[in-house]
Amino acid sequence: MDQHKLRSLVFEKTGVKVDIDDPIFALVALNEAVLAESVERHIARIDAASQELAEQVRAAGGLAPARAAAAGFEPAPAAPVKAIATQSLLVTPREQRLLVAAASLALLAALLVVGLQALFKPAALPPPAPAALTQQQADALARADKLARAIDKLDPKTRAQIQAELQK
C-alpha cells in the first residue's frame with residue numbers, strides 16, 4: 001500500500017488533503033488484511049472444487065490418472081461448494097411484495113388526499129358585487145340615456161341614419 005499514492009488519489013478525487021499519519025490509513029490497512037484473508041479462502045475453495053472436478057472427470061474416463069503424488073503435490077481437501085446461479089429472476093418474490101406494498105400505499109395516500117380535499121372544499125362564494133361607478137361613468141350613462149330617448153323621438157328616416165352611423 002503506497003500511502004503517498006493514496007494521498008494524491010484522495011486529493012485528486014475529492015480535493016481533501018489527507019496526512020500520512022491520518023487514521024484513515026489504518027482503515028485501509030485493515031481493509032487490505034480482510035480482503036487478503038477473503039481472497040485466500042476463495043482460492044482454497046476454487047482449488048478444492050477444481051480438484052474434485054478433475055477427479056470426477058478422471059472417474060468418467062476423460063483424463064489420465066493423476067500423478068500428483070509423484071510430483072509432490074497433494075490436493076486440498078474438498079469443501080462443500082454451493083452451485084452458482086446461472087440465471088436470475090428479473091424481480092425476486094421479495095421485491096414483488098415490496099413493489100405491491102409500495103403501490104398500495106401510494107394508492108391509499110392518493111385516495112386519502114382526494115377524499116380530504118373533497119371534504120374540506122370551500123363553499124361556493126357568491127359572485128363579487130360590482131364596484132361602485134365613478135362620477136364620470138355615471139354622467140356618461142346618464143348622457144347615453146338622454147341620447148337614446150332623443151333618438152327615439154326622431155322621425156324613422158333620421159333614426160335609421162343615426163343607427164347606421166352608430167353601427168360603423
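The values are calculated or read from the model by the stated rules, or taken from the named source; none is laboratory data. Quick caveat: nothing in here was measured; it's all calculated off a predicted structure. Here Cβ is always computed from backbone atoms with ideal geometry, including for glycine, and neighbour counts include all displayed protein chains.
Six or more apart or on different chains, Cβ under 7 Å: which pairs go from a residue in region 19-47 that's under 17 Å from ASP2 (Cα atoms) to one that's assigned to a helix (DSSP H, G or I) and charged (D, E, K, R)? Could you list them?
ILE20/ARG7
Keeping to region 1-23, report how many residues are surrounded by 12 or more Cβ atoms within 10 Å (Cβ to Cβ) and part of a helix (DSSP H, G or I).
Qualifying residue count, region 1-23: 7.
Could you grab the pairs with beta carbons closer than 9 Å, sequence gap of 6+ or different chains, first residue in region 118-140 and part of a loop (DSSP other than H, G, I, E, B), second one at pLDDT 80 or above?
So the pair list comes out as LEU133/LEU141.
Do we find a residue being assigned to a helix (DSSP H, G or I) and loosely packed, with under 10 Cβ neighbours inside 10 Å anywhere in region 109-116?
For region 109-116, residues assigned to a helix (DSSP H, G or I) and loosely packed, with under 10 Cβ neighbours inside 10 Å: absent.
What residue, of GLU37, GLU32, GLU52, is surrounded by 12 or more Cβ atoms within 10 Å (Cβ to Cβ) and either assigned to a helix (DSSP H, G or I) or among the hydroxyl-bearing types (Ser, Thr, Tyr) (or both)?
GLU52
Taking region 55-85, which residues are at pLDDT 85 or above and either among the charged types (D, E, K, R) or assigned to a loop (DSSP other than H, G, I, E, B) (or both)?
Listed by number, the list holds a single entry, GLU55.
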